[in-house]
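Here the structure comes first, spelled out in structure tokens, and everything after it is commentary.
The values are calculated or read from the model by the stated rules, or taken from the named source; none is laboratory data. Model, not experiment: these values are computed from the prediction. We place every Cβ from the backbone using ideal geometry, glycine too, and count neighbours over all the protein chains shown. Surface areas here come from the heavy atoms of the whole protein model, side chains and all, with no ligands, DNA or RNA. Shrake-Rupley method; radii C 1.70, N 1.55, O 1.52, S 1.80 Å.
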Amino acid sequence: MAGKNERQRRQARERYRRQQQQRAVRQRQVRKRWVAGLSAVVAAGLIAGLLVIFLPGGSGKSASASASKSPTASHSASAAAAAEPAHHCSYAATTPVAKKVSFPPTAPDYTASYQATLNTNQGKITFDLLNSKATCTVNSFIHLAEAGYFDHTQCHRMLTSGIYVLQCGDPYATSTEHLTCSTTSKVGTGTPGYEFASENLTGAKYPAGTVAMANGSATSNGSQFFIVFQDSTSGLAATYPPFATVSSGLDIVQNVAKDGYSCQYPQADGGGGAPKKKVIIDSVTIKRT
């Protein structure tokens with residue numbers, strides 16, 4: 001029995017890893033399409049103006065120019081995570097942009113303590129943010145929350161075997177979106193137009209109540225995150241930055257999980273499915289504690 005359980009955990013861990021990698025692949029495919037579109041426009045004679053607007057990686061100026069509050073935001077995707085608490089944060093431009101938002105400030109308030117509340121249609125889910133351990137992640141999450149980035153979105157993926165998580169944070173999954181779990185859908189690929197390096201991974205574990213970033217690589221953290229509703233330490237590799245712990249409302253997620261899926265994602269895309277009971281984030285409230 002122990003051997004069977006270990007195989008199931010290993011398979012679940014591999015499925016989730018593949019799902020995150022597939023998400024990264026889809027993002028790269030979108031970038032390629034944008035670059036192809038740019039080439040066509042250049043051929044039409046607009047090269048002079050468009051070379052100013054678009055970067056070689058396919059990201060538009062709008063994503064970086066909108067960072068008016070942080071004009072010195074780094075555009076180095078290979079920047080390594082700093083020692084915690086970080087005194088400086090780097091965010092690099094990326095695509096696809098699910099919802100336009102400015103870059104977070106590069107100088108985080110690393111001495112502060114924060115609490116975040118997801119105001120959902122199922123009730124309030126409150127996090128204690130780990131600002132002293134995942135400063136740049138918390139800095140980004142607060143920035144997105146206060147910009148209304150998460151407003152009127154739904155949590156689009158849930159896993160209930162080996163790994164027990166509810167994944168949220170992609171504006172492509174709007175509150176009215178009918179989730180079909182199709183691999184051709186943009187849901188699950190959305191970013192805020194920037195990405196950043198992982199942090200707080202040393203000895204990372206994922207007991208129930210952990211809130212961590214969903215990513216496809218060590219530098220592809222963006223806006224998507226997941227809530228662990230049952231211990232998943234043995235199922236998840238320590239590659240997803242924990243940045244908060246649930247202080248109240250975990251029972252809401254657990255009750256949603258009991259109702260199962262409305263559709264299932266292909267196993268090759270990581271498995272899991274869209275929750276049958278919709279979890280719609282109406283807004284996120286940040287409180288300094």
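Annotation: His156 fulfils all but one of (1) in contact with a Phe, Trp or Tyr (Cβ under 7 Å, 6 or more places away or on another chain); (2) over 18 Å from Asn200 (Cα atoms); (3) open to solvent by less than 30 Å² (accessible area, probe 1.4 Å); the unmet one is (1). Would you mind telling me which numbered condition in (1) assigned to a loop (DSSP other than H, G, I, E, B); (2) buried (at least 24 other Cβ atoms within 10 Å of the Cβ) Val138 fails? Condition (1) is where Val138 drops out.
Okay, residues lined up against (1) over 20 Å from Cys181 (Cα atoms); (2) modelled with pLDDT of 95 or more; (3) surrounded by fewer than 17 Cβ atoms within 10 Å (Cβ to Cβ); (4) touching a strand residue (DSSP E or B) at 6+ places or on another chain (Cβ under 7 Å):
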| site | (1), (2), (3), (4) |
| --- | --- |
| Ala238 | yes, yes, yes, no |
| Ala244 | yes, yes, no, yes |
| Gly249 | yes, yes, no, yes |
| Cys263 | no, no, yes, yes |
| Gln267 | no, no, yes, no |
| Pro275 | no, yes, no, yes |
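Residues checked against (1) assigned to a loop (DSSP other than H, G, I, E, B); (2) open to solvent by 10 Å² or more (accessible area, probe 1.4 Å); (3) over 23 Å from Ser90 (Cβ atoms); (4) in contact (Cβ under 8 Å) with a residue 12 or more places away in the chain:
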site: Asn119; (1), (2), (3), (4): no, yes, yes, yes
site: Leu166; (1), (2), (3), (4): no, no, yes, yes
site: Thr189; (1), (2), (3), (4): yes, no, no, yes
site: Ser198; (1), (2), (3), (4): yes, yes, no, yes
site: Ala212; (1), (2), (3), (4): no, no, no, yes
site: Asp231; (1), (2), (3), (4): yes, yes, yes, yes
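Scan region 168-186 residue by residue and report those that are assigned to a strand (DSSP E or B) and either open to solvent by less than 30 Å² (accessible area, probe 1.4 Å) or aromatic (Phe, Trp, Tyr) (or both).
So in region 168-186, the residues assigned to a strand (DSSP E or B) come out as 168, 174.
Hit for region 168-186 is Cys168, nothing else.
Here Gly209, Gly193, Gly203, Gly216 are screened, and the one residue that is closer than 17 Å to Phe150 by Cβ and of a type in the set (Gly, Ala, Ser) is Gly193. The single condition from (1) out of contact with any strand residue (DSSP E or B) (no Cβ under 7 Å at 6 or more places or on another chain); (2) open to solvent by less than 20 Å² (accessible area, probe 1.4 Å); (3) in contact (Cβ under 8 Å) with a residue 40 or more places away in the chain that Pro108 fails is (3).
Applying the criterion of being assigned to a loop (DSSP other than H, G, I, E, B) and of a type outside the set (Gly, Ala, Ser) to the residues of region 200-210, the residue that is farthest from Phe229 (Cα to Cα) is Thr202. Pairs linking a residue in region 136-153 that is small (Gly, Ala, Ser) to a residue that is in a loop (DSSP other than H, G, I, E, B), with Cβ atoms under 6 Å and 6 or more positions apart or on different chains, are Ser140/Pro104; Ala147/Val101. When restricted to residues that are of a type in the set (D, E, K, R) and either surrounded by 24 or more Cβ atoms within 10 Å (Cβ to Cβ) or outside any loop (DSSP other than H, G, I, E, B) (or both), region 144-153 contains 1.
Residue check: is Val284 closer than 23 Å to Thr176 by Cα and not in a strand (DSSP E or B)? Criteria not met by Val284.
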